[in-house]
Amino acid sequence: MHSTAHATGSPPLSSASATQQPTLLKTAIVAGIWTLAGHGSSQILRLAGNLLLTRLLAPEFFGVMSIAMVITVGVGMFSDLGLRQVLVRSNQADDPVFVNTVWTLQVLQALAMSGVLVVFAACIAWAQHRGLVPTGSTYASTDLPAVVIGLSLSVILGGFESTRLATAEKELRLRPVVTIELASQAAGLLAMAAAALVHPSIYVLLLGGIVSNGVRVAASHRIPCGVSNRFAFSHRVARQVCHVSVWILVSSGLTFLSGNLDKVVLAGLLGAASMGHFAIAALLVNAIFDLVAKVSGKVAFPAITKAYERNRAGLARSYQRARLPIDCFCLLAGAFLFWFGPDVVRLMYDARYSDAGWMLGILSVTLLGARYSVVSYVYLLLGRTSLMAAEQAIRLVAVLVGIAIGYALAGTRGAIWGAALGQLSGPLAGLLLFQRRLGIVSIQRELAAIGLFVAALSLFGLIKLTMH
């Protein structure tokens, strides 16, 4: 069977292309440095803010906010047209009609999302009034509807973000992107800290998001590259975008369900305080997921795209090269947190948040699947976005089954284990069913990855035993 990656051969690289290869490598390395530095700084800010706010605010606030964010992200994922990916992938990024049509669709998408969130908030308030939500659960919080409505305002604001950010990412010019992200995050953190000192309430967390989005949107229009945005619409461009986006939309919706179903179910089983503990554990492990996603989306994807445009036959090599550092990082981080998750939480938080420790240890196993984040961009590059949706559908079913079996066998702890193991099914199915057919799998590297994880798990386990 001929693989898709090799089905379309390409002529040998010209001397001009050959001389451009080091330039692409150098650009990708610089972009990677900016991404890592920016993400490291971002995580330091996030961690500092989280440590400060957990001392000023009650765990219940974080539990309610986590569910409000799940609702907001869910609405966003189910309406995600993949507009940033369309801009990065397209060769029309300099065409004002194309770019401004995409930007107009982005604004319309944000307005639609906001309207849906208001409807969700009204439904939650009605269900609370009629006694349809479990008493004592996170869904019973009277603050939840108001917080969801507040987040809808932040969504509208974010819809006006300039496409210049996506253009800068496409060109691997990440300095302004990283600067804007850090500045907006710092502004939101300062606003939350000041408000928490004056009036500690859940609305402090809401204020931070609105301020951060406002700074990000305003600064995005000042980036000195790309097209200036204004409202425009082209039916041709809209059809083109929708053709690419249909499977991205399905995949995004399924990604949300499989990635957040645990929170949705647990919120009905746990009170707001316990849900706050889970939110803290998820925040810590998601910090690693965010790093991997940033490197995959802002460095690996543009670099693989440029390499593929020059030499299509080298896709598998480019993909494996991009995955190597991500694999090592995810495997080592997962092995470390499996054993030392409770110690990390004990070191960082006060006794009110101790239950987040064992939850973090369980959730660390999901990092074994995070190392396959690059492959979704390969599917997109090859126009096989239906495979993204198929992976997420498998993952969704596995998470549902895992939570049900785990809860039946071992209660809350079992449900969290079931959700964590279910998260791994999508990447595993993609590896066995799809990536082999595309010709991008290296059996030797997969076996080496297993060996590295077992060795790291054993080493950290021995260290843990000697310490206790």
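The values are calculated or read from the model by the stated rules, or taken from the named source; none is laboratory data. In this text the structure is predicted, and so the values were computed from the model without any measurement. Here the Cβ positions follow ideal geometry from the backbone for every residue, glycine too, while neighbour counts run over all protein chains shown.
The rows are residues; the columns are (1) of a type outside the set (A, V, I, L, M); (2) modelled with pLDDT of 90 or more; (3) surrounded by 20 or more Cβ atoms within 10 Å (Cβ to Cβ); (4) not in a helix (DSSP H, G or I).
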residue	(1), (2), (3), (4)
L111	no, yes, no, no
G115	yes, yes, no, no
V118	no, yes, no, no
A122	no, yes, no, no
A127	no, yes, no, no
P134	yes, no, no, yes
P145	yes, yes, yes, no
A183	no, yes, no, no
L206	no, yes, yes, no
* **Residue selected from segment 224-239 under the condition surrounded by fewer than 19 Cβ atoms within 10 Å (Cβ to Cβ) and of a type in the set (A, V, I, L, M), by the criterion modelled with the highest pLDDT** => A232
* To do: Specify which of the listed residues (A370, A389, A456, A410) is over 24 Å from F338 (Cβ atoms) and not polar (S, T, N, Q).
  => A389
* Structure fact -> Taking segment 60-72 and keeping only residues that are surrounded by fewer than 22 Cβ atoms within 10 Å (Cβ to Cβ) and either in contact with a Ser or Thr (Cβ under 9 Å, 6 or more places away or on another chain) or on the phi > 0 side of the Ramachandran plot (or both), one is left with E60
* Mind checking whether some residue in segment 74-96 is assigned to a helix (DSSP H, G or I) and out of contact with any helix residue (DSSP H, G or I) (no Cβ under 7 Å at 6 or more places or on another chain)? -> yes
* For segment 343-382, name all the residues that are modelled with pLDDT of 90 or more and of a type in the set (S, T, N, Q). => S364, T366
* To do: Inspect all residues belonging to segment 89-101 and state whether any of them is under 30 Å from L381 (Cβ atoms), out of contact with any Ser or Thr (no Cβ under 9 Å at 6 or more places or on another chain), free of Cβ contacts under 8 Å to residues at least 40 places away in the same chain and surrounded by 18 or more Cβ atoms within 10 Å (Cβ to Cβ).
  => yes
* Structure fact -> Only unsatisfied item for T385, checking (1) modelled with pLDDT of 80 or more; (2) crowded, with 20+ Cβ neighbours inside 10 Å; (3) not acidic (D, E), is (1)
* Hey, could you check segment 425-445 for residues that are within 15 Å of I394 (Cβ to Cβ) and of a type in the set (A, V, I, L, M, F, W, C) and say which is surrounded by the most Cβ atoms within 10 Å (Cβ to Cβ)? => F434
* **Any hit, segment 162-185, residues being touching a helix residue (DSSP H, G or I) at 6+ places or on another chain (Cβ under 9 Å), on the phi > 0 side of the Ramachandran plot and of a type outside the set (K, R)** => yes
* Structure fact -> If we take segment 220-317, then helices (runs of 4 or more DSSP H) inside it with 2 or more residues that are among the hydroxyl-bearing types (S, T, Y) and in contact with a Gly (Cβ under 9 Å, 6 or more places away or on another chain) are 235-269
* Asked: Do the conditions hold for L459, that is, is it within 26 Å of L83 (Cβ to Cβ) and among the aliphatic types (A, V, I, L, M)?
  -> no
* **Number of positions in segment 240-293 that are at pLDDT 80 or above, aliphatic (A, V, I, L, M) and closer than 30 Å to W34 by Cβ** => 12
* To do: Report yes if S154 is under 30 Å from L291 (Cβ atoms) and either buried (at least 20 other Cβ atoms within 10 Å of the Cβ) or modelled with pLDDT under 90 (or both), otherwise no.
  => yes
* Test: residue in segment 173-180 that is hydroxyl-bearing (S, T, Y) and within 21 Å of the chain's Cα centre (by Cα) -> yes
* Within segment 433-459, tally of residues that are outside any helix (DSSP H, G or I), farther than 16 Å from D327 by Cα and of a type in the set (S, T, N, Q) -> 0
* Output yes when any residue across segment 415-423 is small (G, A, S) and surrounded by fewer than 16 Cβ atoms within 10 Å (Cβ to Cβ), and no when none is. => no
* Any idea which of (1) modelled with pLDDT of 85 or more; (2) within 28 Å of V86 (Cα to Cα); (3) crowded, with 21+ Cβ neighbours inside 10 Å is the one V299 doesn't satisfy? -> (1)
* Out of all the residues in segment 405-412, is one or more surrounded by fewer than 18 Cβ atoms within 10 Å (Cβ to Cβ), touching a Pro at 6+ places or on another chain (Cβ under 9 Å), part of a helix (DSSP H, G or I) and modelled with pLDDT under 85? -> no
